[in-house]
C-alpha cells in the first residue's frame with residue numbers, strides 16, 4: 001500500500017544543523033491492514049518521514065509510492081487528491097484544532113472539501129464520524145478547549161477519518177495525553193483497524209505502546225532504520241545494540257498477572 | 001469560563017457600542033437638536049461661558065459651540081470612519097498578498113512599503129492635497145495613501161505568524177486552501193489585532209483631520225468640525241477653556257468608544273452564537 | 001513511629017463564579033525518611049496542587065480550607081511565612097514539569113547552579129563554580145554546558161539540570177512534578193535513573209508526581225492514586241493490582257499493562 005524507497009531529506013541549515021540529513025536513506029513498506037509502529041527517539045527523523053510521506057515537506061531524494069502511484073513528486077495542486085486517501089493525526093490535538101471552531105465544523109471541514117455532499121448528508125456524516133470515535137453527537141457543539149485531551153484527540157481522529165482514508169499516519173498521537181487516555185486512544189486505533197481495515201502508521205518514541213498493538217515494527221535512529229520486523233522477534237532477539245537500549249529504557253511492570 | 005467570559009466581553013462591546021451609537025445619533029439628529037445655526041455669528045456674545053441661550057457657550061466669533069459640535073459630529077465621525085475602513089481594507093489586501101504570495105511577491109511589496117515608510121509622514125498627504133486642491137476628499141485620500149503601509153506591514157507579520165500555526169497545517173491537510181483557508185483559519189487570527197489597531201487609529205484620525213483643518217488643508221473654514229474647533233480654541237485656552245473642553249471631550253468620547261468597541265470585537269470574534277456550528 | 005511528612009485532610013479551594021471549588025478535597029498522605037511516594041493521577045486530579053501546598057508555593061487565589069501538613073514534627077501551615085520560605089531549597093525542593101520556565105533564561109545554567117550553592121550552602125563563588133561542573137557531570141551532561149542558557153538545551157537536558165540542582169541542594173524532601181512528561185523514552189529513563197540515585201541518600205524522602213504509572217513504578221515503593229481531589233487508592237507499588245479498589249485505579253493499571261513491554265522481553 002505504501003512504499004517508501006531510499007528517502008533522503010537534508011535541511012540546508014546553519015551552524016550545527018548544517019548538512020545533517022534528517023532522513024538518510026529510509027525504506028519502508030506497509031501492506032493493507034498493517035498497524036505499523038515506527039519507533040525512535042526525538043530527533044531520529046520520524047516526524048520528517050511522516051511529513052515527507054504526506055507531502056508537507058519535499059524529500060531531497062527518494063520515492064514514495066502510495067497505492068501504486070508515485071506521490072513524492074506530485075505538484076502541490078494534486079496533493080489534496082492524495083490527502084483524501086491518506087490522513088494524519090498529530091501529537092497535541094489542542095494546537096492542531098482551530099480553537100475558534102466548534103467540533104462539528106472542524107469535522108465537517110474535510111467532508112466539505114473532499115466529498116461532494118449535501119448539507120444534510122454532511123451533518124449526518126459528522127455525527128457518524130463522532131460516533132465511530134465514541135463521542136456523542138452533542139460534542140459537535142463544543143469548542144476544543146472545552147474537551148479533555150483524550151476527547152480532543154478523538155475529534156482529531158474523527159476529522160482524519162471523515163474523508164474516508166485508507167491510511168492513517170499518527171505522529172505521536174498519545175504523547176500529550178494522560179496514561180488512561182493513551183490507552184483508550186490506542187484501543188480506538190486498534191478497533192478502527194480491526195473493524196474497518198484501516199492501515200495505520202504509528203510514529204512514537206514509546207516502545208511500550210507498540211507491543212500490544214502493532215504487527216510490524218521499525219526502529220529508527222539518526223535518520224536511518226536500524227532494525228525492523230515483527231515485534232516479538234525484533235524485541236526478543238536484540239542483536240542491534242540500539243534496540244536493546246530502547247527495550248531497556250522502556251518500563252516493564254513487575255506485576256504478576 | 002464562558003459564562004463570566006461572555007459577560008465581560010459583552011460589557012466592553014456594549015459600552016463601546018453605546019458610546020458610538022450616542023455619537024452617531026448625535027450626528028444624525030444633531031441638526032434638529034441644535035439650538036442655533038452653527039455658522040451664525042453673534043458678535044455681542046463672543047467667548048460667552050456655558051449656560052443660558054448658548055448651552056456650551058460661544059467661540060471667538062460668537063458661534064454656538066453646542067450647535068457646531070452637533071453638526072461637526074457628522075463630518076468628524078464619518079470622515080475618520082470611512083478613511084479608517086479604507087486603510088484597513090487596503091492594508092489587509094496588501095498584507096495578505098505579501099504574506100501568502102511567495103518570497104518574490106513578498107520582497108517586492110515590502111520594499112514598496114519600506115520606500116513609502118521612508119518618506120516623512122505628511123509629505124505624501126500634502127502632495128495629494130496640493131495636486132487635487134484642499135478639500136475633505138483630497139485630505140482623506142492623502143491620509144489613506146499615507147497610512148496603509150503601516151497596516152500592510154503589520155498584517156503581513158500577522159499573516160506570516162498565522163500560517164505557521166499547527167492548525168493551519170492541519171486544515172491544509174484536510175483539504176482547505178485558497179480563500180477558504182484565509183477566511184476560516186487565517187483571517188480570524190489576523191482580523192482581531194487589525195481591528196484593534198483600526199479602532200485605535202480611527203480616534204487618532206480625528207486628530208489628523210484636525211491638524212489638516214488647522215492648516216487649512218482639510219475641512220474648509222466655516223464648516224464645523226471637531227478638530228478644527230479644537231485648533232481654533234487653542235488661542236483662548238486661558239480666557240475660555242470651555243472652547244477646548246467641548247470638542248476635546250467629544251474626541252475623547254469617540255476615541256474611548258472606538259477603543260472599547262475594538263476590544264469588545266476582539267473578544268466577540270472568538271465567540272459564535274450558542275448551539276450552532 | 002512519627003512520619004517524616006504527614007498530610008491530613010488537606011483541602012485547597014479556588015473562588016469561581018459558582019462559589020468556592022475544591023480541586024483538592026481532603027487529601028491524606030504520609031512519607032517516611034528514605035521512602036519514595038508516587039503520586040499518580042490525571043491532569044486536574046489535584047496532585048500538583050497538593051505538592052505546591054506542601055512547598056508553600058500555591059498560586060494566588062488559592063485558599064487552604066483545612067487540614068495539616070506536618071514535616072519533621074512541625075505544622076507547616078501554622079509556621080510563620082518567613083521561616084517557611086527558608087525551608088525552600090534547604091529542606092525541600094521541587095522540580096517542575098515546565099523545566100524551561102523553572103530555569104532563569106537570563107543566566108547560564110552554570111551560574112544558576114553556582115548561585116544556588118552560594119545562597120543555600122554558603123560556598124564561595126570559586127568553590128560553587130567547580131561544584132557546579134561536578135554536578136553537571138553527575139547528571140551526565142558535559143561540563144561545557146554550564147556556559148549555556150536554558151533555552152539552548154533540549155527538554156531532557158533542562159530536566160537534568162533541574163536534577164543537578166536537586167543534587168546540589170540535597171534536600172531531605174525532594175519532589176519531582178511530572179519529571180518525564182515531554183521527554184522521549186530513552187531520556188525519560190536517564191532522568192528517572194538520576195532521580196533513583198537521589199533516594200539512596202540517607203534520610204532523604206521523595207515524592208514523584210506523574211500521570212504515568214509506568215514511570216512512577218520505576219522509582220516509587222508506595223503509590224497514592226488521586227482522582228478528583230482525593231486519594232482513592234494507596235498501596236505498595238508491587239501490591240497495587242491486588243489492593244486497588246477504585247475504578248479509576250483499575251483503569252490506570254490496565255492502561256499501564258497494555259502500554260508496557262511484557263516482563264518476558266528482557
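Observations, loosely collected:
- Residue in region C:174-182 that is touching a helix residue (DSSP H, G or I) at 6+ places or on another chain (Cβ under 9 Å), crowded, with 24+ Cβ neighbours inside 10 Å, modelled with pLDDT under 90 and closer than 25 Å to residue C:260 by Cα present: yes
- Among the criteria (1) within 13 Å of another protein chain (Cβ to nearest Cβ); (2) without any contact (Cβ under 8 Å) to a residue 12 or more places away in the chain, the one residue C:157 does not fulfil is (2).
- Tally of residues being buried (at least 20 other Cβ atoms within 10 Å of the Cβ), more than 8 Å from every other protein chain (Cβ to nearest Cβ) and assigned to a helix (DSSP H, G or I) across region A:87-107: 3
- Among the residues of region A:125-149, those identified as closer than 30 Å to residue C:183 by Cα and surrounded by fewer than 22 Cβ atoms within 10 Å (Cβ to Cβ) are A:134, A:135, A:143, A:145, A:146, A:147, A:148, A:149.
- Qualifying residue in region C:85-92 (condition: more than 18 Å from the chain's Cα centre (by Cα) and closer than 21 Å to residue C:203 by Cα): yes
- Selection within region A:244-257 - at the interface with another protein chain (Cβ under 9 Å from one of its Cβ atoms) and either in a helix (DSSP H, G or I) or touching a residue at least 40 places away in the same chain (Cβ under 8 Å) (or both): A:245, A:246, A:247, A:248, A:249, A:250, A:251
- Residue, farthest from residue C:261 (Cα to Cα), within region C:200-232, restricted to residues that are in contact with a strand residue (DSSP E or B) (Cβ under 6 Å, 6 or more places away or on another chain) and at the interface with chain A (Cβ under 10 Å from one of its Cβ atoms): C:216
- Boolean, residue C:259 is touching a residue at least 12 places away in the same chain (Cβ under 8 Å), within 26 Å of residue C:22 (Cα to Cα) and within 7 Å of chain A (Cβ to nearest Cβ): no
- Hits in region A:36-49 - residues which are within 11 Å of another protein chain (Cβ to nearest Cβ) and either surrounded by 21 or more Cβ atoms within 10 Å (Cβ to Cβ) or at negative phi (or both): A:39, A:40, A:41, A:42, A:44, A:46
- If the condition is being surrounded by fewer than 17 Cβ atoms within 10 Å (Cβ to Cβ) and more than 10 Å from chain C (Cβ to nearest Cβ), then region A:229-243 contributes A:229, A:230, A:233, A:237, A:239, A:240, A:241.
- Filtered residues of region A:180-199 (kept if touching a strand residue (DSSP E or B) at 6+ places or on another chain (Cβ under 6 Å) and either closer than 15 Å to residue C:254 by Cβ or surrounded by fewer than 20 Cβ atoms within 10 Å (Cβ to Cβ) (or both)): A:193
- Within this structure, residue B:202 fails the test of being within 14 Å of chain A (Cβ to nearest Cβ) and surrounded by 20 or more Cβ atoms within 10 Å (Cβ to Cβ).
- Any chance residue C:166 is away from chain A (no Cβ under 14 Å), assigned to a strand (DSSP E or B) and within 14 Å of the chain's Cα centre (by Cα): no
- Exactly one residue out of B:63, B:40, B:68 is more than 19 Å from residue B:259 (Cα to Cα), at pLDDT 85 or above and touching a helix residue (DSSP H, G or I) at 6+ places or on another chain (Cβ under 9 Å): that is B:68.
- Answer from C:12, C:64, C:54 - the residue that is assigned to a strand (DSSP E or B) and crowded, with 17+ Cβ neighbours inside 10 Å: C:12
- Checking each residue in region A:108-124 for being buried (at least 20 other Cβ atoms within 10 Å of the Cβ) and either more than 10 Å from every other protein chain (Cβ to nearest Cβ) or within 19 Å of the chain's Cα centre (by Cα) (or both) picks out only A:110.
Yes or no, residue by residue, for (1) modelled with pLDDT under 90; (2) more than 14 Å from every other protein chain (Cβ to nearest Cβ); (3) buried (at least 21 other Cβ atoms within 10 Å of the Cβ); (4) farther than 30 Å from residue B:97 by Cβ:
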| residue | (1), (2), (3), (4) |
| --- | --- |
| B:169 | no, no, no, no |
| B:180 | no, no, no, no |
| B:183 | no, no, no, no |
| B:206 | yes, yes, yes, no |
| B:220 | yes, yes, no, yes |
| B:236 | yes, yes, no, yes |
| B:239 | yes, yes, no, yes |
| B:252 | yes, yes, no, yes |
| B:259 | yes, yes, no, no |
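The values are calculated or read from the model by the stated rules, or taken from the named source; none is laboratory data. Owing to the predicted nature of the structure, the values given are computational and were not obtained by experimental measurement. Cβ coordinates were reconstructed from backbone atoms using ideal geometry, including for glycine residues, and neighbour counts include every protein chain displayed.
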